[in-house]
Amino acid sequence: MRQLASNQPIGIFDSGIGGLTIAKEVVRQLPQESIVYFGDTAHLPYGDKSTAAIQAYSVKIAHLLLQQQCKLILIACNSAASAAYELVKEYVGKQALVIDVITPTINYLREHYAGKVIGLIGTKQTVNSNVYKKKIDDVAVGIRLKSYATPLLATTIEEGFTNNLVIESLLQEYLSHTELKNIDALVLACTHYPIIKHKIAEFYQNKMDIIDTSEIIAQAVRAQLEYHQLLNKTANPSKHFYVSDYTESFLAGTKLFFDEMIKLEHYPLWE
Ligand code: DGL
């Protein structure tokens, strides 16, 4: 591993602005850390892309974050994590720490839900890759996973439909599917979904255990930095939010995902 310094930034990437739900939690738990966020809005949504395409995008973005001197690269997208975590580690794992959104979630499930039936919703890429199922089977604590792809949710959320009949009908349709019957908890395996957690809870009349992974992931980032003695101690952290394609609607959407208005900078990675 290359020598890393604690004042280097944390790099976070997603297919677009959805990963800001994770970035927000990282900033809340680790306010001293500098952040470089990259949203690949030029290729949004990743969930419907081929594994090979997502791998190529992810490796290129990881290299960009290395150029930005990141000490840790967080893959804040379940679709990218399921397609490219191993590959990203192979390419940049000797120059920076690499964390994905899936491994910390599996560790959490292993500790808290042994022997239970767990439902999971995510993009087609995340669900069809079966990565969650394989990793859950590997930890062998008797968890039975029932997953179902909910591809229209991410784009509907990006459109700002988070509190109306459109999202309610989609959830009604998706969550009533037989695959998601008789579950003990539901994992939100897409970084867009924390935004509609309240609507999902409403569907289940507030009786379902809904696992929003952002807190779990930010804790994993902290634990890794602590373990490697890389927690930043100096003040005045910087924050940069890059997108590969810039439109006003992305900018407007950031408020939904990050609470405060942030400045999106256009980074022409693919031009
Ligand atoms: N935020 C991405 C994820 O966690 C989904 C959005 C997309 O399809 O690009 O999978």
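If you go through segment 15-36 and pick out every residue that is touching a Phe, Trp or Tyr at 6+ places or on another chain (Cβ under 8 Å) and either within 10 Å of the ligand (Cβ to nearest atom) or within 16 Å of ASP245 (Cβ to Cβ) (or both), you end up with 7. Take the residues of segment 199-230 that are among the hydrophobic types (A, V, I, L, M, F, W, C) and more than 21 Å from the chain's Cα centre (by Cα): which is most open to solvent (accessible area, probe 1.4 Å)? Top of the filtered list is PHE203.
Quickly run through segment 167-194 and pick out the residues that are surrounded by 14 or more Cβ atoms within 10 Å (Cβ to Cβ) and assigned to a helix (DSSP H, G or I). Let's see the steps before the verdict.
To start, the set of residues in segment 167-194 that are surrounded by 14 or more Cβ atoms within 10 Å (Cβ to Cβ) comprises 167-168, 170-171, 174-175, 177, 179-180, 183-194.
Result: ILE167, GLU168, LEU170, LEU171, TYR174, LEU175, GLU179, LEU180, TYR193, PRO194.
Which residues, counting only those in segment 204-229, are touching a Phe, Trp or Tyr at 6+ places or on another chain (Cβ under 9 Å) and either over 19 Å from LEU20 (Cα atoms) or hydroxyl-bearing (Ser, Thr, Tyr) (or both)? Matches in segment 204-229: ASP209, ILE210, THR213.
Looking across LYS116, LYS60, one residue alone is open to solvent by 10 Å² or more (accessible area, probe 1.4 Å) and either of a type in the set (S, T, N, Q) or more than 29 Å from THR178 (Cβ to Cβ) (or both). It is LYS60.
Hey, among LYS197, LYS181, which residue is within 16 Å of the ligand (Cβ to nearest atom) and basic (Lys, Arg)?
Working: LYS181 fails: within 16 Å of the ligand (Cβ to nearest atom).
Step by step, each of LYS197, LYS181 is checked, and only LYS197 is within 16 Å of the ligand (Cβ to nearest atom) and basic (Lys, Arg).
Scanning segment 184-193 for residues that are within 16 Å of the ligand (Cβ to nearest atom) and hydrophobic (A, V, I, L, M, F, W, C) turns up LEU186, VAL187, LEU188, ALA189, CYS190. Considered as a group, the residues in segment 137-182 that are of a type in the set (S, T, N, Q) and under 21 Å from the mean Cα position of the chain (by Cα) include one that is nearest to HIS43 (Cα to Cα), and that residue is THR155.
The values are calculated or read from the model by the stated rules, or taken from the named source; none is laboratory data. On a predicted model such as this, the values are computed, not experimentally measured, just so you know. Glycine gets a Cβ as well: all are built from the backbone with ideal geometry, and neighbour counts include every protein chain shown. To get the accessible areas, we keep the full protein, side chains included, count just its heavy atoms, and leave off ligands, DNA and RNA. Shrake-Rupley method; radii C 1.70, N 1.55, O 1.52, S 1.80 Å.
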